[in-house]
Structure formats: structure tokens, C-alpha cells
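Notes to accompany the following structure.
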Amino acid sequence: MPRIAWIALWIAVAVLFLGFVSAAFVIASNSGSSEAELGTTLTLGEPGGGPLELPLAGDEQALMLAQRKGRVLVGVAARPGGPVEVAALDGETPVSSSDLSFEVDGAPVEAVRCGRACSRLDAAAFNGARRITVNAPDRFEFLLPRALPASGAGLFAKVEREMGSLRTHRYREELTSGVGTGARSTFDVRAPNRLAFRTADGFRSIIIGRNRWDFRNGGWERSAFPGLRVPTFMWDGARNARVLGKTRLQGRPVQILSVFDREPIPAWFQLLVDPQGRVREARMIAPSHFMHQQFSAFNGPIVIRPPK
């Protein structure tokens, strides 16, 4: 399933509790007051457009990595033998070339432009070059492995099968635009068309098919909804899958899987996958959109009914 299905669902849910009606990513941030304010909107552009370009992302051999500090995103695409492409954005605006500099293994290097927000470095990735430093102007360091990590295509296919076949699950989500504390929510999901969520500040909603109920002013209000089909996930349809290693999460062995998706908005994902192919934690880094999700209650006794 392409990621656009998850984006459409996320937009619809965001519209419910943030009150915005544009077809955009709507990200709430806390400015220090008790009210959620609009942090940014990231509109869905035409295919091939968007806030950044990374030509190497179309190469299945490329390793895709990203970091963020505040609103600044730095993403890397590294192909065996080179080159290395770097995207740097402050929100959705390319970091100015005057604020950018690069080093490879500690030595300054010049870059050439390779598209919007894109700089190309002549670096022999996985063949000598190990440490890529990006000053944007804050310092970002990427330590490349000695060899291209193993393909994660098989593992990612297992993830898509296992997660896509879930009858029920729950996830906790933290979302920020890089400004303020962001928004925290909990979602209960029951296939094929039921979802209930609540936010940390008390908003609650239930969606069943083409109906939704929002809890406002001490009571439930019913209204129409465009339609719902679950499960769907933010990494659906991603590519460039690579297994970065293994670790343990709450005593459970997991593999670290990186994937990337170019459309409709470029996004880097890191998934912690258990032996069954279930995602236990997921992180997304995208322009003005930084998300952390924790999954549980797989096929658990989650009941979602119309409120009384």
C-alpha cells in the first residue's frame, strides 16, 4: 500500500482535533501557552517536486540516513564508491550555502549542487570514507559502516505482510515540527475500519467507517467522515531498505531497519523489528515533520464501538 493512504488518514485525523481543513500536514506545537498553535503546514506537491531533491535516492544501492536538530533536517544518500549526496533543510527552506560546509574524515571538501537543498560530495563511501560531517550550521556527523549494510528488502516485505495483516493494534505517537513540545496521542486500531484516538490534552475521537464522534463540551458529537480503512502505516511503500544492525528493546531482540520514501514528501524511517516482523518502534524524519511511534497490543482485545 502506498504511503499516500496513511498520509490521507493522518490529514483527516489532524483536521479533526486541530481544526484545519487544508490538504496538508498540520503539525501542532506548544508555544508555552496552554493552547496548541499551528507550527507549520507542509502541502502535498506534485510528484517529483517537494522541499528537497536527492537524485541518489532512486538508486536501490544507496544507504539513506537522516538526523535532525530542532527544525533542521540533514539527510544523506550514500552509494558504494560514491558520491554522497546531502540534503539540508531548515523547516522546508533549504539551508543557505553560506551556512553550509562539509568534511570527509575530518578534511574539508567542496560540494556541487545536485538539486533543491542538495549538495554532492566526491566521497568514496564504503570504500575508505567513513565520517561525513555536515555543518548546517550546527554540526551533524554520519559514521558510515565499512561496507554497505545488507539489503533489508526481505525483512521489509515481512514487516509489510505482518503489520498489514493485524486485526488490532495500539500505538503511542509523538509528533513535532521541531518547535516546542509538539503533540502526543494514543491510537487504538481495529481492522478493517475502526479507530479511536485521544490526545494528551484531552481531545477524543472515534471513527467507524464513514462516521465519527468527537467528545466536546462534555458530550459526543456525531458527524460524517470520508471513510476509513486500516491498518495503514507511515512507512507503507517505502524503498531503499537496509538492515543497520541488531539491538534489544525492553529485553526483546530487534533488528534496526532503515527505509526511505520519496513521494509525496521525502521521508527517512528507522524501524525496530522483532523476530515476528512486527514493528515495535518507528521514527520518521521528514521536512517539518518528526514522528516517534511505539506499537503494542498486537491482535489484542481492542474493542471500538460507537459511544453512547
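The values are calculated or read from the model by the stated rules, or taken from the named source; none is laboratory data. As the structure is a computational prediction, the values presented were derived from the model and not from experiment. For neighbour counting, all protein chains shown are included, and Cβ atoms are generated from backbone atoms with ideal geometry for every residue, glycine included. Note: areas computed on protein heavy atoms with side chains; ligands, DNA, RNA excluded. Shrake-Rupley method; radii C 1.70, N 1.55, O 1.52, S 1.80 Å.
Tabulated results
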{"quantity": "Listed residues Pro266, Ile285, Val254: farthest to the positive end of the dipole of segment 238-306 (Cβ charges)", "calculated": "Val254"}
{"quantity": "Cα centroid separation, segment 255-308 to segment 74-121 (Å)", "calculated": "28 Å"}
{"quantity": "Full-extension gain in nm, Arg139 to Ser98, via 0.36 nm per residue minus C-alpha separation", "calculated": "13.3 nm"}
{"quantity": "Carbon and sulfur %, accessible surface of segment 61-209 computed with the full protein complex present, 1.4 Å", "calculated": "45 percent"}
{"quantity": "Per residue accessible area of segment 121-252, 1.4 Å probe, in Å²", "calculated": "50 Å²"}
{"quantity": "Neighbour net charge for Arg216 - beta-carbon separation under 15 angstrom, K R +1, D E -1", "calculated": "+1"}
{"quantity": "Estimated FRET transfer efficiency when R0 is 51 angstrom, pair Arg167-Glu110 (beta carbons, to 0.05)", "calculated": "0.40"}
{"quantity": "Hits among lysines - C-alpha to C-alpha of Lys158 under 17 Å, sequence gap 8 or more where chains match", "calculated": "Lys246"}
{"quantity": "Two-site label geometry, Asp59 and Ala224: point separation in nm, points 7 Å out along Cα→Cβ", "calculated": "5.0 nm"}
{"quantity": "Estimated distance in nm for a label pair at Ala157 and Gln294, the labels positioned 7 Å out from Cα along Cα-to-Cβ", "calculated": "3.3 nm"}
{"quantity": "Built amide H within the under 5 Å cut-off of Arg116, gap 5+", "calculated": "Glu53"}
